[in-house]
Amino acid sequence: MMLPVSHSSSNATLRGYVVGVPSPSFAERRSRHRHVTVKAGAMSRFEEEEENRRSGEERPRRPRFLCLHGFRTSGDIMRQQVMRKWPAEVTARLDLVFADAPYPAEGKSDVEGMFPPPYYEWFQFDKKFVEYRNFGECLAYIEGLMIKDGPFDGLMGFSQGGILSAALPGLQARVGRYRYPGLALTRVPKVKYLVIMGAIKFQSPEVAEKAYGTKIECPTLHFIGEADWLKSYSEALLESFADPFVIRHSKGHTVPRLGEFAVNYQKNLEVMLKFLQKIEDDISLDAAILDVKEKEIRTLAPWIRPSISPERPNPTAHIRPTAPVTLSGPYSLRGLRKRPKAPVAAVRSPTDGG
């Protein structure tokens, strides 16, 4: 990704941070070219859970990541880079979904000649990386992907996709005393884990204040290349995270190799496996807590069938009664508001005249 490239225009540049619903022109552009979602895992989360139930085995589910590719590449290119460069003992423990960005590349791609087109970009920016075009539409598009192909445990991003991944937990976080919804990804579960490769901070003060104003608490794994021209910016990004895992490799701005031919192979693989173990321990703990809550609900209210999943932060907020619930009197279930009384028609007595 070559950041110092200008694609701003006088009538289309967003200064700072704007979150918006995709405009009709955005929807039209999406419909004119194909967006592919490539799933590297053999099964989705729900298919995997169903398979476990059928077989009677208690296998831990794999953490599911939405993968955001680099500037002017594609989901399939990132899939090839990850699956070829990372050993099976890592990729087999992850459920990876690689999606294309919403916009066709507006210029030459750095991977041209190495990977075939089409190429895509997530949003456009100016030379100083402080003004962004189609940024709000990009965030809405990512949220749509997470609704369509989720739920996801985390995000994995390289280059431009890594910049977005690193900023989204801060933009999603609830704010203020009354925990108002965040500025992005408000309709999907909280992003709990990040894998970030070759990324930097947004340079716009407005965006940076919202994205990195407080330390990001979720577990993160950062890849930093010694020969990456963005190395100093990647080091600065580390300061925004509370307790990051870090893998340092000898290459430049690329998806790094984790195989046995890489420099510091054993050390870097050990860091990766510790990060994966942390995620798997969290998932196992969440599953155990949900199981206990299900048993409590069945004991206290056996007529209620709980509908609980790890994506619902409040396990008791989604319970479905097995029998229909009725209320007597002039009340309705929706908000328990009084229904207006129907007008009573006058009934004429047989003794009335006329």
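The values are calculated or read from the model by the stated rules, or taken from the named source; none is laboratory data. In this text the structure is predicted, and so the values were computed from the model without any measurement. Every residue, glycine as well, gets a Cβ built from its backbone with ideal geometry; the counts of neighbours run over all protein chains shown. Heads up: the accessible areas ignore ligands, DNA and RNA and are worked out on the full protein's heavy atoms, side chains in. Shrake-Rupley method; radii C 1.70, N 1.55, O 1.52, S 1.80 Å.
For D228, D110, the ranking by accessible surface with the largest value first comes to D110, D228, using a 1.4 Å probe. Note on surface exposure: T299, T220, T186 rank T299, T186, T220 by accessible area, highest first, 1.4 Å probe.
Taking the alpha carbon gyration tensor of region 59-300, multiplying each eigenvalue by 5 and rooting it gives semi-axes of 28, 23, 18 Å, largest first.
Counting only protein heavy atoms and using a 1.4 Å probe, the accessible area of S284 comes to about 60 Å².
Name the lysines eligible as straight-distance cross-link partners of K128: C-alpha to C-alpha under 16 Å, and not fewer than 8 places from it in the same chain. Excluding near neighbours in sequence, the set is K201.
Candidate cross-link partners of K267 among the lysines, defined by an alpha-carbon separation under 23 Å and a same-chain spacing of 8 or more, comprise K85, K231, K251, K278.
Placing pseudo-labels 7 Å out from each Cα toward the beta carbon at A88 and L285 gives an inter-label distance of 3.2 nm. A simple spin-label model places pseudo-atoms 7 Å from Cα toward Cβ; at E217 and R248 they are separated by 3.0 nm. Taking every protein chain into account, the 1.4 Å probe leaves L94 with about 10 Å² of accessible area, to the nearest ten.
Tell me, in nm to one decimal, what length is gained between E296 and T186 on full extension, where the rule is 0.36 nm per residue of separation less the Cα-Cα distance?
Details: separation 110, 0.36 × 110 = 39.60 nm, distance 2.99 nm.
So the chain would gain 36.6 nm between E296 and T186.
For region 57-173, pairs of C-alpha atoms spaced more than 16 angstrom apart make up 63 percent of the total. Accessible surface calculations at 1.4 Å, restricted to protein heavy atoms, place region 59-300 at 43 Å² per residue.
Across the accessible surface of region 194-262, with the other protein chains kept in place and a 1.4 Å probe, carbon and sulfur atoms take up 50 percent. Taken as Cα centroids, region 226-243 and region 69-140 sit 20 Å apart, rounded to the nearest whole angstrom.
Taking every protein chain into account, the 1.4 Å probe leaves E209 with about 130 Å² of accessible area, to the nearest ten.
Which shape class, rounded, prolate or oblate, goes with region 137-224 when its Cα gyration tensor gives a ≥ b ≥ c as root eigenvalues, a/c under 1.5 marks rounded, and past that a/b bigger than b/c marks prolate? Judged from the Cα gyration tensor, region 137-224 comes out rounded (a/c under 1.5). Computed from label points 7 Å out along Cα-Cβ, the spacing between E270 and E235 is 2.4 nm.
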